[in-house]
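Below: one structure, written as structure tokens.
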Amino acid sequence: MSTDPFVLEVNGQSHEVADAHPGESLLRVLRERLGLPGSKNACEEGECGSCTVLVDGQTVCSCLVLASTAAGRQITTIEGISGDDGLSHVQEAFVDAGAVQCGFCTPGLIVSIGSLLESDPDPSDLAVREAISGNLCRCTGYGRVLEAVHLAATRRGGST
Amino acid sequence: MTIATSLEDACAALAAEPGSLVLAGGTDLMVEVNRGSRSVEDVVALNRIPELAGWHLTGDELRLGAGVTFAEICDPEIAALVPALAQAARTVGSPQIRNAATIGGNIATASPAGDSIPVLAALDAVLELRSAEASREVPVTEFITGVKATCLMPGELIEAVRVPVLDGPQEFCKVGPRNAMVISVASLALLVDRSARRIRVGLGSVSPMPLRATQAEDHVSGHLDWDNGVPPRLEVVREFAELVASSASPIDDHRGSAAYRRHAVRVLAQRSLTRVLNRVSSS
Amino acid sequence: MTDLATSKRTAAPRIGEDTPRPDGVPKVAGTFAFSSDLHHDRMLWGGTLRSPHPSARIRSVDISAAVAVTGVHAVLTNEDVPGSLTYGLEHRDQPVLAADVVRYEGEPVAIVAADNPEALRMAIDAIAVDYEPLDPLVDPDLAERADPIHPDGNLVRRINLIHGDQDVSGEVQVEGTYEVGMQDQAFLGPESGMAVPAEDGGIDLYVATQWLHSDRDQVADCLGLDPARVRLTLSGVGGAFGAREDLSLHVHLCMLALHTRRPVKMVYSREESFHGHVHRHPARMWFRHHADRDGTIVRVESRLVLDGGAYASSSGAVIANATCFAAGPYRVPSAHIDGAVVRTNNPPCGAMRGFGAVQTCYAHEAQMDRLADALGMDPVELRLHNALAPGDELLTGQTITGTAPVAEVIRTCADHPSGASMAVDPMELPGGAGRTADPEHVVRGEAFALGFKNLLFSEGFDDFSEASCHLADGVATITSACAEVGQGFVTLAQQITCEVLGVDDVVLLPASTDGIGSAGSTSASRQTWMSGGAIQEACGQVRVQLLERLAAEHGVDADDLVVADGRVVSMAGGLEIDLVEATAEPIEASVVFRHAPTLPLDENGQGDAHVSFAFSAHRAIVDVDVELGLVKVVELTTSQDVGRVLNPLQTIGQLEGGAAQGVGLAVMEEVLVEGGRIRNASFTDYLVPTALDMPPVEIAALIEQAEPGAPFGAKGIGEPPSISSTAAVAAAIRNATGLDLPRVPVRPTDIVFPEGAA
Ligand SMILES: Cc1cc2nc3c(=O)[nH]c(=O)nc-3n(C[C@H](O)[C@H](O)[C@H](O)COP(=O)(O)OP(=O)(O)OC[C@H]3O[C@@H](n4cnc5c(N)ncnc54)[C@H](O)[C@@H]3O)c2cc1C
Ligand code: FES
Ligand code: FES
């Protein structure tokens, strides 16, 4: 049993998905069918945010998106955030500020924070905490993550 | 699998396959699908139906399409019209969840912990239901018939929710053991309706069905000085809170005990009344 | 893209600097391969059927319907286990697959390999197991008297620690009973891995683990294979915190791969993960402290019962820690600690960050506050008055020979100014996003707690780590089987190598069981010391060989040569050789590093059982909404005894991250077990702190006193942050509410209905 083929637009590229099972999440399709395992699978119940991607510019948990309903939407995953021209400010800041430990939460956090900084280029600590409250991190206690957001905000501000 | 692009499409697809899964934001449904407790054969996806997406204001009435997300409800424009609904929306899950989760899905899920429900109950919200053959209107308090049970008929969809824009401050509060991203253990919406000289109270997570604390409403509404805004005696606030608590019929489960839930709505009642009264008397 | 980043990265990393992680870039880019990311074109999906009962006899297992599902390649049960039927860290008491009984909810009964996850799910559902449910043994207090639920009996280990004169008693006595709920490590990366059958009949297993060689030995045993034919390679690890010290899916994956002759991948769901690994032991603890009027502790009595769940795991070592450190880092001349860990039909418990010391720290610190109260003494003063110092004796009779800057840790933390202001935004008050509290509903509380534990393995365990260094063309290649689980060992390995050899380029080979001996476990705060020490020594030997060779070649004294910044120079001048040239001919050294030996505990729990100790203190400030029982942790301040800071950024990361787990245990984290069943096996109901729950962590001081025997004097730093943080937060809530709060996590009802009204 599989769905009719559909096309996903991921990171600016079209991918035909021919043999997905009904009920297969966008996360599963990205990871297992499109060779894009950067989005992570810590819970598949919407609680951890490690699977966060952008769909038409908005952050969502890709584990809760039925893959076939995302056809025609612009999907951006962590793999599309670092382009050919290198890491984004947020990615750089994560490395430099020590916000990465095991790294399992990292792709989701980076997608969430990138989205936050688009709408609020210089967020307060509280705004950052609320914005990432759906991204669980078990390693860092969020301290260095907050540092990284401020570092990225400063660098973004400086370079635009 | 139908990705409906109009309401008519969706209704037609549902009429053809009444057993289809209706999928909006997926934030309730996909959790079950991922867990394997819900099998997926035919799906009707609603997230591209323009008629379900927007909201508009007609006179004193706000009509929200069933597909409006909680992120959209947090928007200042909506927040100005139905502050408690916006406050409730902001407590739903996380930013990612709010970007996907719809008000229609929240209502149709009919969970006692659904955060829009106490507000909608307090607002006497009316749901517009629609199927290929017919349309009807049902108050939210009648729509939900039990824990995760509704009067939705096979082939029927929620098209929109209509709520009044009230004159007066509003409060929504929700108790959970974590400071964010938590399922409600008890919640309460308290709305001031100046033109009807009434306080409206909806409770969450303390009963199988949407619950209005009518006795408490009657009591406090009658004791308020609507003309001069003089705050009521502490007694009145306490009695009000007590009546709210006694209207609840909570259960014990692993998220909280019945006694705690009852206690919590008592506290929320007292606090939210005090908050709105402070605002009434200061304005 | 940025100057700061690039300038940092070009300089060779050195000890004591903020070197960025070598795996940082792939981790932020999403290209780092975690164990759940593995893919093979021919792979099958593996899965597990688990017991729905905490205790039952298995009458029969019928796999015929499962085998008939299209796309299914193997359905295996206990009868298909090729070698040893059981495994375990300390005792091989846990069945690979249940045979005639199941002893906990979630115990694996059968395993399946199929073409895709859907067929897998159908096949698992199609296995028919006929169970005869039995009454589960769920109360640890009854375990020792109950009928044995396992051939090894219900007592896993008892340590009856008797120290000093047993006839003394204090003028002032305080007594209390305490309880700690079951905590889950809740690492984010689910258990996962892939097994690939090898040409030679052996198996290659790619898996996320804490200890490759111990896994290898247990897996080989269960497969009935020569360990040489079982090769484990570390796959990207999404956090561990103790939960990956035991086997989970390892043997299952290998069995399926060997049976099908195909690569098999398995990934646990979050729900399965809660059933698939050991948890932190729930504890019931009774204490009586005796002190003189001036606050001098004269005796501590305690009874500890830890619930080990169905299988032994590392329970024996956990109870040893709980017992040995039961009284905290204080001078206690007389003690009787009766520590027992028992078997029940609850979920198995084992290692978690802090390992036994977390539970007792919560209790002994509550006792210290009680004692201070009874004496009318300042709680910090009381701690200072009794603080351990070098040369003091522990409860085990062991004398502390290394560093023990306990007083410094206490003072720096307690004296640190607080930056906490009063919150106004409801989002920052207790209840957070729920908008439940206004500032007038909130009471602030503040408290202080101190904790400690041992570093490295204790009780005579032959604890070692092997590493090799190969230096050629100026590039140092390091081989170690140390499991990087997120803590940043890969960074330190690079820093240490650069420091010793003066090289710029370090290649750290993937951790595997192939070609190198064990590095030991990534636990017990031991890898910086043990595998760091092994690398330091291997590099040191290479350096000596290099200098001797150059000295001979150039007719100079080897003592006159130094390596630095990619060159070898003679101090006397005249000689300067590029390291690339000097190492055209490779040099290699391999070492097995051991810490100073320890001894077993005797029948009274006495003996020089431990190597070294690390101390930490936390001060917590909390806001409590007393009426609703909701808590917001406002600020944590900490000081820690670290020996030496090798990488400041990573040190801060450990202190912040460990404290977050402590906060979680204090206010929200508990695996709810009822009648042996887990009620909340999901992140929906097992709550871990979000960014809105975790306060800023102020680091008051990192006390640097070089620890003898440790590489560069550095102590392990991973565990202490999780030990005193829970105790401090719980005490701060006590301070705010005036309640006893004898149990963590502190639930809203514990505050609202302290008499247990509901
Ligand atoms: C991590 C997480 C946190 C959450 N936190 C909260 C929270 O704090 N508060 C809260 O209230 N909820 C919470 N939820 C639940 C969920 O997000 C909400 O109930 C949400 O509003 C559901 O909407 P949806 O559009 O995603 O519904 P879906 O999952 O798409 O659908 C849910 C149900 O509604 C039906 N349905 C949807 N739209 C219609 C329609 N127009 N007509 C008829 N039937 C329809 C579907 O058939 C299905 O039965 C959370 C969920 C997750 C995963
Ligand atoms: S995997 Fe999607 S939220 Fe956890
Ligand atoms: S770095 Fe491990 S979960 Fe965040």
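Could you work out the helix-only [θ] at 222 nm for chain B, with each DSSP H run of four or more residues adding -39,500 (n - 2.57) and the total divided by the number of residues, to the nearest 500 deg cm²/dmol?
Result for chain B, helices only: -11000 deg cm²/dmol.
Using Cα centres only, tell me the gap between region C:375-433 and region C:448-516 in whole Å.
Spelled out, the Cα-based centre of one part sits 31 Å from the other.
Please report, in cubic angstrom per residue, the volume enclosed by the convex hull of the alpha-carbon atoms of region B:35-118.
Cα-based convex hull of region B:35-118, divided per residue, equals 114 Å³.
Taking the alpha-carbon centroid of each part, what is the distance from region A:1-77 to region B:114-173 in angstrom?
31 Å
Could you state the angle between the C-alpha long axis of helix B:7-16 and the longest principal axis of the C-alpha atoms of chain B, as a value from 0 to 90 degrees rounded to the nearest 10?
60 degrees
Run the numbers on region B:170-282 and let me know its relative contact order in percent, using alpha-carbon pairs under 8 Å that are six or more apart. Please report the intermediate quantities before stating the final value.
Working: 189 pairs, mean separation 28.8, N = 113.
Relative CO of region B:170-282 lands at 25 percent.
Could you tell me the relative contact order of region C:625-724? Use alpha-carbon pairs under 8 Å, at least six residues apart, and round to a whole percent.
49 percent
So what are the radius of gyration and Dmax for the Cα set of region A:89-156, in Å?
10.3, 28
How high is the relative contact order of chain C? Use alpha-carbon pairs under 8 Å, at least six apart in sequence, and give a whole percent.
Result for chain C is 16 percent.
Taking a cut-off of 25 Å, what percent of all Cα-Cα pairs in region C:614-758 are separated by more than that?
35 percent
Between B:183, B:73, B:117, find the one with the highest GNM mean-square fluctuation for chain B; connect C-alpha pairs within less than 10 Å.
B:183
How do the peptides C:105-111, C:468-474, C:684-690 rank, highest first, by the average count of neighbouring beta carbon atoms within 10 Å per residue?
Top to bottom by mean Cβ count within 10 Å: C:105-111, C:684-690, C:468-474.
Report D for region C:1-153 in µm² per second (integer): Stokes-Einstein, Kirkwood Rh on Cα pairs, 20 °C, 1.002 mPa s.
For these conditions, the coefficient is 109 µm²/s.
Out of the DSSP beta bridges found with both residues in the protein assembly as shown, what percent are antiparallel (nearest 5)?
About 80 percent, rounded to the nearest 5.
Springs between alpha-carbon pairs under 10 angstrom, Gaussian network model over chain B: which of B:58, B:102, B:214 fluctuates most?
Sorting by GNM fluctuation, first place goes to B:58.
Shape call for region C:79-179 from the C-alpha gyration tensor, a ≥ b ≥ c root eigenvalues: rounded (a/c under 1.5), prolate (a/b greater than b/c) or oblate?
Since a/c reaches 1.5 and a/b is larger than b/c, the shape of region C:79-179 is classed as prolate.
Considering only the other residues whose Cβ falls under 10 Å of the Cβ of residue C:102, what net charge follows from Lys and Arg at +1 and Asp and Glu at -1?
0
So, counting K/R as plus one and D/E as minus one, what does the shell of residues with Cβ under 10 Å around residue C:681 add up to? Let's see the in-between values first.
Working: positive: C:270, C:677, C:679; negative: C:105, C:184, C:271, C:272, C:685.
Counting the neighbours of residue C:681, the net charge comes to -2.
Taking just the C-alpha trace of region C:396-515, give me its Rg and Dmax in Å.
Final numbers for Rg and Dmax: 24.0, 69 Å.
Using just the helices of chain A, give the 222 nm mean residue ellipticity in deg cm²/dmol: DSSP H runs with n ≥ 4 each add -39,500 (n - 2.57), and the total is spread over all residues, rounded to 500.
Calculated mean residue ellipticity at 222 nm is -9500 deg cm²/dmol.
Taking N as the number of residues in region C:188-327, what is its alpha-carbon radius of gyration divided by 2.2 N^0.38 Å? Provide the component values of the computation, followed by the final result.
Numbers: Rg = 20.5 Å, N = 140, 2.2 N^0.38 = 14.4 Å.
Normalised Rg, Cα atoms only: 1.43.
Could you tell me the accessible area of residue C:32 in Å² (1.4 Å probe, neighbours in place), rounded to the nearest ten?
It works out to around 50 Å².
In square nanometres and to one decimal, what's the mean projected area of the convex hull around the Cα atoms of the protein assembly as shown?
47.5 nm²
Thinking of chain A as a set of Cα atoms, what percent of all their pairs are more than 22 Å apart?
Across chain A, Cα pairs with separations above 22 Å total 40 percent.
Calculate the mean, over all residues of peptide B:100-113, of how many other protein chain Cβ atoms lie within 10 angstrom of the residue's Cβ.
1
Return one whole number: the accessible area per residue of the protein assembly as shown in Å², for a 1.4 Å probe.
Values: 39840 Å² over 1201 residues.
Using a 1.4 Å probe on heavy atoms only, each residue of the protein assembly as shown averages 33 Å².
For the pairing of chain C with chain B, what total accessible surface becomes buried, with a 1.4 angstrom probe, in square angstrom to the nearest 100?
2800 Å²
Excluding ligands, DNA and RNA, what is the accessible area buried between chains A and B, summed over both sides, using a 1.4 Å probe, to the nearest 100 Å²?
Summing both chains' loss of accessible area gives about 2200 Å².
In chain C, what percent of the accessible surface is made up of carbon and sulfur (1.4 Å probe, ligands and nucleic acids excluded)?
C and S atoms contribute 49 percent here.
Please give the total accessible area that chains C and A bury against each other, computed with a 1.4 Å probe and expressed in Å² to the nearest 100.
Separately minus together, C and A give about 4600 Å² buried.
Counting pairwise Cα distances across region A:6-80, what percent come out greater than 20 angstrom? Display every interim value, and only then the final one.
Working: 438 of 2775 pairs.
Here the long-distance tail beyond 20 Å is 16 percent of all Cα pairs in region A:6-80.
Translational diffusion coefficient of chain C at 20 °C, 1.002 mPa s, Stokes-Einstein with Kirkwood Rh over Cα pairs, in µm²/s as a whole number.
This corresponds to a translational diffusion coefficient of 79 µm²/s.
Starting with the highest mean, order C:415-424, C:351-360, B:188-197 by the number of other Cβ atoms within 10 Å, averaged over the residues of each peptide.
C:351-360, B:188-197, C:415-424
If you plug each phi of region A:18-23 into the Karplus form 6.51 cos²θ - 1.76 cosθ + 1.60 with θ = phi - 60°, what whole-Hz ³J(HN,Hα) values come out, in order, with x for Gly and Pro?
Values, residue by residue: 9, 10, 5, 7, x, x Hz.
Under the rule a/c < 1.5 gives rounded, and otherwise a/b versus b/c splits prolate from oblate, where does region B:76-206 land using the Cα gyration tensor?
Values: a/c = 1.65, a/b = 1.20, b/c = 1.38.
Taking the square roots of the gyration eigenvalues as a ≥ b ≥ c, region B:76-206 is oblate.
To the nearest 10 degrees, how steep is helix B:258-282 against the longest Cα principal axis of chain B, on a 0 to 90 scale?
Long axis of B:258-282 versus the principal axis of chain B: about 70 degrees.
Quick one: angle between helix B:214-223 and the longest Cα principal axis of chain B, in degrees between 0 and 90, rounded to 10, please.
Rounded to the nearest ten degrees, it is 40.
Taking the Cα centre of chain A as origin, sum charge times position over the Cβ atoms of Lys and Arg (+1) and Asp and Glu (-1), and report the length of that vector in debye to the nearest 20. Each step should come with its number before you reach the end.
On the way: 10 positive and 21 negative charges, 65 e Å.
That gives a dipole near 320 debye.
For region B:125-175, which trypsin sites (Lys or Arg not before Pro) are in a loop by DSSP, counting at most 10 other Cβ atoms within 10 Å?
When the trypsin sites (Lys or Arg not before Pro) of region B:125-175 are filtered for loop state and at most 10 Cβ neighbours within 10 Å, nothing remains.
First check a/c for region B:1-49, with a ≥ b ≥ c the square roots of the eigenvalues of its C-alpha gyration tensor; if it is under 1.5, answer rounded, and if not, answer prolate when a/b is larger than b/c or oblate otherwise.
On the way: a/c = 3.23, a/b = 1.62, b/c = 1.99.
Oblate shape, in that a/c is at least 1.5 and b/c is the bigger or equal ratio.
Taking every DSSP beta bridge that has both residues in region C:605-758, what percent is antiparallel when rounded to the nearest 5?
Around 65 percent antiparallel, to the nearest 5.
Carbon and sulfur: what percent of region A:6-80's accessible surface (1.4 Å probe)? Write out the running numbers ahead of the final one.
Working: 870 of 2080 Å².
In region A:6-80, the share of accessible area belonging to carbon and sulfur is 42 percent.
Would you compute, from DSSP H runs of 4+ residues alone, the mean residue ellipticity of chain C at 222 nm, taking -39500 (n - 2.57) per run and dividing by the full residue count, rounded to the nearest 500?
-8000 deg cm²/dmol
What order do C:548, C:17 take when sorted by accessible area (1.4 Å probe), most exposed first?
C:548, C:17
Under a 10 Å cutoff between Cα atoms, tell me which one of A:135, A:41, A:11 has the largest fluctuation in the Gaussian network model of chain A.
A:11
Return the Cα extents of region C:339-480 along principal axes one, two and three, sorted largest first, each rounded to a whole Å.
Cα extents, longest axis first: 66, 45, 43 Å.
The values are calculated or read from the model by the stated rules, or taken from the named source; none is laboratory data. This is a predicted model, so every value here is computed, not measured. Here Cβ is always computed from backbone atoms with ideal geometry, including for glycine, and neighbour counts include all displayed protein chains. All accessible areas refer to the heavy atoms of the entire protein, side chains included, with ligands and DNA or RNA removed. Shrake-Rupley method; radii C 1.70, N 1.55, O 1.52, S 1.80 Å.
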